[in-house]
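The block underneath contains the structure these notes are about, expressed in structure tokens.
The values are calculated or read from the model by the stated rules, or taken from the named source; none is laboratory data. Remember, predicted model here, so these are calculated numbers, not experimental data. Here the Cβ positions follow ideal geometry from the backbone for every residue, glycine too, while neighbour counts run over all protein chains shown. These area figures cover heavy atoms from the full protein model, side chains too; ligands, DNA and RNA do not enter into them. Shrake-Rupley method; radii C 1.70, N 1.55, O 1.52, S 1.80 Å.
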Amino acid sequence: MIYITRPSPEGDNLTLLLNQANISAKHLPFFNILAGQDLGYLQQQLDNLNRGDMVIIVSPQVTYMIEQHLPNLRLPNHLRYFAIGKKSAELFSQQNSVHVDYPNEENSAGLLSLLNQQAISGHNALILCGDKGGQQLSQQLKLQTVNVKTIACYTRQTITYKPNILAENITQQIILITSVDHLLQLDIYCQNKHKRDAQLIVTSERIFAKAKQLNWQKVLKIVSANNQFLFKTMITLCHNAKNI
């Protein structure tokens, strides 16, 4: 069984893709996504930016919240727009009719590498993220004399499950984790047997390091949190397992 822990709607969509491919998958999100405390000030913050300043989208959830709560948001054309991943870029671009650049390596390190190819020193940057997100990216940009402000576009509300929700068929489990917060929630429901026998799939070096710190033994780090990439990875893992 594959457990998809990423929130809706991305988690629902990936679970559906796997089920349609006859792969047993269950959506097990650890958080509901709600509007963030800074969302109401986003238009004002955008209007205060100067030509060549940057707007950085860290997650598809940013676009979903804007779509639900700020349908009339106006995005200035004189700004530069970036996203950590392809999905975030495509969603934001489609909804708001602006060009959004994203790195080949879909994580914070890849985005920083892309930004380093630009003239960014002395400019302003708005990081559109969750209420606990964007900290590492913000710190790195500040080192390059970028004036950074994080905008909490969404917040997470913890979902509680029965303590034994993951107790069955542990050796057959593949668990997808796309953030450190998800990994810490997963720890609540896991036994030592999980950390020894279940397969953990993570989407960044930061999550990988934390998983190892928490004594997970079978951790696979992949380079993208894009659903199509994740889908192909899961298909390959399941195919290889059947051939062992």
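Some points to look at:
- Calculated accessible area for region 162-244 comes out at 54 Å² per residue, all protein chains present (probe 1.4 Å; ligands, DNA, RNA ignored).
- On full extension, the segment bounded by GLN94 and GLU205 gains 37.0 nm, given 0.36 nm per residue less the C-alpha separation.
- Heavy-atom accessible area with a 1.4 Å probe sorts HIS27, HIS69, largest first, into HIS69, HIS27.
- Chain lengthening between ASN48 and ASN22 when straightened (0.36 nm per residue, less Cα-Cα): 4.3 nm
- Probe 1.4 Å - accessible area at TYR41, Å² to nearest ten: 130 Å²
- Dipole magnitude of the chain, debye to nearest 20 (Cβ charges: Lys/Arg +1, Asp/Glu -1, about Cα centre): 620 debye
- Accessible solvent surface per residue of region 34-157, calculated while the other protein chains remain in place, 1.4 angstrom probe, Å²: 49 Å²
- Close amide H partners of ALA35, meaning residues 5 or more places away or on another chain with modelled amide H under 5 Å apart, are THR155.
- Amide proton proximity set for THR150, modelled H, under 5 Å, gap of 5+: ILE127
- When ARG156, ARG80, ARG6 are compared by accessible area of protein heavy atoms, the largest-first order is ARG156, ARG80, ARG6, using a 1.4 Å probe.
- More than 22 angstrom apart: percent of Cα pairs within region 56-156: 22 percent
- Value of Rg to Rh for region 116-228 (Rh from inverse mean 1/r over Cα pairs, i.e. Kirkwood): 1.07
- Treating r as the C-beta distance of GLN118 and ASN192 and R0 as 51 Å, the FRET efficiency rounds to 0.65.
- Rounded to 10°, Cα long-axis angle of helix 10-20 versus longest principal axis of the chain: 40 degrees
- Accessible surface of region 34-157, 1.4 Å probe, proportion on carbon and sulfur as whole %: 41 percent
- Our coupling estimate for region 93-103, obtained by passing each phi through the Karplus curve with A = 6.51, B = -1.76, C = 1.60 and θ = phi - 60°, is 5, 5, 6, 10, 6, 10, 7, 10, 8, 8, x Hz, Gly and Pro reported as x.
- 3J(HN,Hα) along region 190-206, derived from phi through the Karplus expression 6.51 cos²θ - 1.76 cosθ + 1.60 where θ = phi - 60°, amounts to 9, 9, 4, 5, 4, 5, 8, 10, 6, 8, 9, 10, 10, 10, 7, 5, 5 Hz, with x in place of Gly and Pro.
- For the chain, the 222 nm mean residue ellipticity estimated from helices alone, with every DSSP H stretch of n ≥ 4 adding -39500 (n - 2.57) and the total spread over all residues, rounds to -11000 deg cm²/dmol.
- Alpha-carbon spread of the chain, three principal axes, descending order, Å: 56, 32, 30
- Too-long pairs where the Cα-Cα distance tops 28 Å, listed order kept, from LYS132/LYS193; LYS149/LYS232; LYS86/LYS142; LYS195/LYS232; LYS149/LYS221: LYS132/LYS193; LYS149/LYS232; LYS149/LYS221
- Protein-only accessible surface order, largest first, of LEU16, LEU176 at 1.4 Å: LEU16, LEU176
- Top of LYS162, LYS132, LYS142 by mean-square fluctuation, Gaussian network on the chain, Cα under 10 Å: LYS162
- Of all DSSP bridge pairs formed entirely within the chain, close to 15 percent run antiparallel.
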